1. What's the number of the only condition in (1) more than 15 Å from Ala153 (Cα to Cα); (2) within 13 Å of the ligand (Cβ to nearest atom) that Leu36 fails to meet?
2. May I ask you to list the residues in the stretch 127-162 that are outside any helix (DSSP H, G or I), of a type in the set (A, V, I, L, M) and either crowded, with 17+ Cβ neighbours inside 10 Å or at pLDDT 95 or above (or both)?
3. If you go through the stretch 55-72 one residue at a time, do you hit one that is among the acidic types (Asp, Glu), within 13 Å of the ligand (Cβ to nearest atom), touching a residue at least 12 places away in the same chain (Cβ under 8 Å) and surrounded by fewer than 20 Cβ atoms within 10 Å (Cβ to Cβ)?
4. Quick check, is Ala48 of a type in the set (A, V, I, L, M, F, W, C), within 13 Å of the ligand (Cβ to nearest atom), under 12 Å from the mean Cα position of the chain (by Cα) and not in a loop (DSSP other than H, G, I, E, B)?
5. Would you check which residues across the stretch 111-126 are hydrophobic (A, V, I, L, M, F, W, C) and open to solvent by less than 60 Å² (accessible area, probe 1.4 Å) and list them?
Amino acid sequence: MSKLNFRTGIGYDLHRLEDNRDLIIGGIKIPYEKGLLGHSDADVLVHAIIDALLGALSMPDIGTLFPDTDEKYKGADSIELLKKVYSMVREKGYLINNLDTNIIAQAPKMMPYIPQMKEKLSSVLALDIEDISIKAKTKEHLDAVGEKKAIEAQAVVTVFKA
Ligand code: ZN
């Protein structure tokens, strides 16, 4: 049993960048020569947020809940998966207090799309824009992310018993 009426969760995700895929991050389609590879739409930020929410409630992770062996989730819109997870959070009697995230990408530039991502997440998670943080980082050209072969995301969320 939780000692306080709030819980925190951490989420992390990484997807490879490949040709002939749409780049969808935070529910927003970003114009770029490549996109993230995955069974679903591979929205790396939304996946990290989903795992943070599931982690906060000590529930099974995203891969267990939405297995990539299930045809149902092929090409799935990750925002729809996030909506499902948010309703599970609500069913357990919790609301989200705030969300803090990092998108780690060498390219393309994330900054111009962050306001739209916040707008989208705000509507799905019943959060004010001021309670959502999305930070864009690079890897200084180091490792697979720095070589533009992949994009990573991290998320920390606090939920409280409403
Ligand atoms: Zn993922």
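1. (1) is the only condition that Leu36 fails.
2. Quick first cut of the stretch 127-162, residues outside any helix (DSSP H, G or I) only: 127-128, 132-142, 147-162.
Narrowing further to those that are of a type in the set (A, V, I, L, M): 127, 132, 134, 136, 142, 150-151, 153, 155-157, 159, 162.
Residues satisfying the conditions are Leu127, Ile132, Ile134, Ala136, Leu142, Ala150, Ile151, Ala153, Ala155, Val156, Val157, Val159.
3. Checked against the condition, which is being among the acidic types (Asp, Glu), within 13 Å of the ligand (Cβ to nearest atom), touching a residue at least 12 places away in the same chain (Cβ under 8 Å) and surrounded by fewer than 20 Cβ atoms within 10 Å (Cβ to Cβ), the stretch 55-72 yields at least one hit.
4. Values: of a type in the set (A, V, I, L, M, F, W, C): yes; within 13 Å of the ligand (Cβ to nearest atom): yes; under 12 Å from the mean Cα position of the chain (by Cα): yes; not in a loop (DSSP other than H, G, I, E, B): yes.
So Ala48 passes the test.
5. Those that are hydrophobic (A, V, I, L, M, F, W, C) and open to solvent by less than 60 Å² (accessible area, probe 1.4 Å): Ile114, Met117, Leu121, Val124, Leu125.
Conditions tested, residue by residue: (1) part of a loop (DSSP other than H, G, I, E, B); (2) within 14 Å of the ligand (Cβ to nearest atom); (3) under 25 Å from Asp143 (Cα atoms).
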site	(1), (2), (3)
Arg7	no, no, no
His15	no, yes, yes
Asp22	yes, no, yes
Pro31	yes, no, yes
Ser40	yes, yes, yes
Lys83	no, no, no
Met88	no, no, no
Leu95	no, no, no
Asn102	no, no, yes
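A quick yes/no check of all residues on (1) farther than 26 Å from Thr158 by Cα; (2) among the small types (Gly, Ala, Ser); (3) at pLDDT 95 or above:
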site	(1), (2), (3)
Gly9	no, yes, yes
Arg21	yes, no, yes
Gly26	no, yes, yes
Tyr73	yes, no, no
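The values are calculated or read from the model by the stated rules, or taken from the named source; none is laboratory data. Worth saying up front: this structure is predicted, and the values here are computed from it rather than measured. Cβ: placed from backbone, ideal geometry, glycine included. Neighbour counts: every protein chain shown. Surface accessibility is based on the protein's heavy atoms, side chains included, excluding ligands, DNA and RNA. Shrake-Rupley method; radii C 1.70, N 1.55, O 1.52, S 1.80 Å.
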